[in-house]
Amino acid sequence: MANLTVNHRVSPTKIERLLTPVEHFIHQNTSAGLVMILFLVLALAWANSPWYKIYEDFLHYPITFGFGSSLASYGLSHWVNDGLMTIFFFLVGLEIKREFLAGELSNREEAVLPIVAALGGMAVPALVYLAFNWGTPYAKGWAIPTATDIAFAMGALSLLGSRVPLSLKVFLTALAIADDIGAIIIIALFYGGSVQITPVIGAAIILGILFIANRLEVRSLLFYGFFSFILWIFILQSGIHATLAGVLAAMTVPFKSYISERDFVHVARKSISRYEYANLANGDAYDIVQLPDGSEKIIYHDDAGPYYSLVQPESVEAIQDLQNYCTYVESPLRALERILHLWVSFLIVPLFTLCNAGIRIETSTMAGAFADPITLGVAFGLAIGKPIGIFSICFITSKLGLIRIAKDITWTHLFGAGCLAGIGFTMSLFVANLAFGNLAHRLNDAKIGILTGSFFAVFVGLFILMNTKKAKE
């Protein structure tokens, strides 16, 4: 038997030891929520510091974008809200499509519960807000407390670990997705401007091109990215809110893989066999075993295995083929989700938080805000309206036999999850900007209500769920 040389790295390099904790943090479920909280605190501290003027200048720092004579110049916060948040909504659209095709909303019976819960969780908060603001010019903010921040809600729930049943986590995820669908519909119907026909026609043509590309199984991420950008420009000019371009474009991204998982395993094995053949050292002891699918596997007589030099041209080609097959087996939709998740969670949403959560906290302002119908309507809508709406509609429809609650979920679990659904934050701040963007004082009152209601929802929801025992199956 030949002595085989093994090239093992005994220990990670210094840079790997430095980056490992960072990578571990990024892939934790709670990390996005923690980063969001950090930027929330930063925004509040900056807005109430002696450097407030710098914060204002930062928000309104002019950025010009365009080509030739077609230039658009807006402040940083405007580009974040109408530009970068389009990518956020694009990711939301991808998640919604995946949920309907292969997720918790793909099964009609299982999808009924979160969809019904989302309807109750949107209707009651809106009614609570209108109870405080009916007949005033500020009734247009009724949609602010209807939203759920999925990242914050799931981050909070993940803190409880195994103390809550898995089915409750699945329920809250599907509820938040259904809630996002409702929020997107509300934005499209109630918070757009006057519609310009020519850009709408242009947007329809681009959308048609994207749908045709989907049917023709075009898989290029660059193709979908380019035409999605053109779609955003048309919708930005149309009077419809620009972020809806992200959702519409996401619906056209292919979900189907180019090759099946079974075919991938077959061709991947062949590539690995080619790689091994190309790098076998003379005299190595091995046997070749024929696998059922027709491919071959090399079995070495030494547990260490051979030393691979990676200098053979055939081995390079085999690796390249294997990389291509990995691309083929991952659908464009899942690839974009994977790529965008980190950018959205750790750049776009934190930047949005920094630009929108800077509330000036002054004694006179706060006292007036907590007596203001906008603040009260938003805060009570999120903290009280959400759990009551979700719980009551689930209870009524369950007693009528229209929906089924999982056996390991108690009604107390459901009410606690309803409280966590009252964490509006990102989506609520977004809708508040649409409703009161031109009324700075009223926007500030709405933000105070969002923060107050969301924090109350976090603490009450976690307290209830921490003290709720699992149901006996």
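Structural remarks
- Heavy-atom accessible surface of the range 207-271, averaged per residue, reaches 53 Å², computed with a 1.4 Å probe.
- Segment Ser398..Ala371, full-extension length gain: 5.9 nm, with 0.36 nm per residue of separation and the alpha-carbon distance subtracted.
- The order of the peptides 81-89, 38-46 by mean Cβ neighbours within 10 Å, most packed first, is 81-89, 38-46.
- Cα gyration tensor shape of the range 150-193, rounded if a/c is under 1.5, else prolate or oblate by comparing a/b with b/c: prolate
- Computed FRET value (nearest 0.05) for Arg262 with Phe229, which takes r as the C-beta separation and R₀ as 30 Å: 0.25
- FRET efficiency for Ala123 and Leu351, using Cβ-Cβ distance with R0 set to 35 Å, rounded to 0.05: 0.65
- Accessible surface of the range 167-266, 1.4 Å probe: 70 percent of it comes from carbon and sulfur atoms.
- Label-to-label distance, nm, for residues given as Met466 and Glu109 (7 Å Cα→Cβ offset): 3.7
- The range 415-463 - percent of accessible surface contributed by carbon and sulfur, probe 1.4 Å: 76
- Greater than 26 Å apart at Cα, pairs in Lys169/Lys386; Lys399/Lys447; Lys97/Lys169: Lys399/Lys447
- Length available on full extension from Val200 to Leu101: 0.36 nm per residue minus the Cα-Cα distance, which gives 32.8 nm.
- Listed peptides 209-215, 376-382, 343-349 appear in the order 376-382, 343-349, 209-215 once ranked by packing, highest mean of other Cβ atoms within 10 Å at the front.
- For the listed peptides 150-159, 181-190, 120-129, a ranking on the average number of other beta carbons within 10 Å per residue, highest first, reads 120-129, 150-159, 181-190.
- Three-way shape label, the range 125-244, alpha-carbon gyration tensor, a/c 1.5: oblate
- With θ taken as phi - 60° and the Karplus curve 6.51 cos²θ - 1.76 cosθ + 1.60 applied, the whole-hertz 3J(HN,Hα) list for the range 245-261 is 4, x, 5, 4, 5, 4, 5, 8, 6, x, 9, 7, 6, 6, 10, 6, 5 Hz, x standing for glycine and proline.
- Projected label distance in nm at His441 and Ile212, using a 7 Å step from Cα toward the beta-carbon: 5.4
- Calculated accessible area for the range 395-473 comes out at 47 Å² per residue, all protein chains present (probe 1.4 Å; ligands, DNA, RNA ignored).
- Taken about its Cα centre, the range 76-178 carries a charge dipole of roughly 100 debye when the Cβ of each Lys and Arg holds +1 and the Cβ of each Asp and Glu holds -1.
The values are calculated or read from the model by the stated rules, or taken from the named source; none is laboratory data. Predicted model only: the values in this text are computed from it and were never measured. Glycine gets a Cβ as well: all are built from the backbone with ideal geometry, and neighbour counts include every protein chain shown. These area figures cover heavy atoms from the full protein model, side chains too; ligands, DNA and RNA do not enter into them. Shrake-Rupley method; radii C 1.70, N 1.55, O 1.52, S 1.80 Å.
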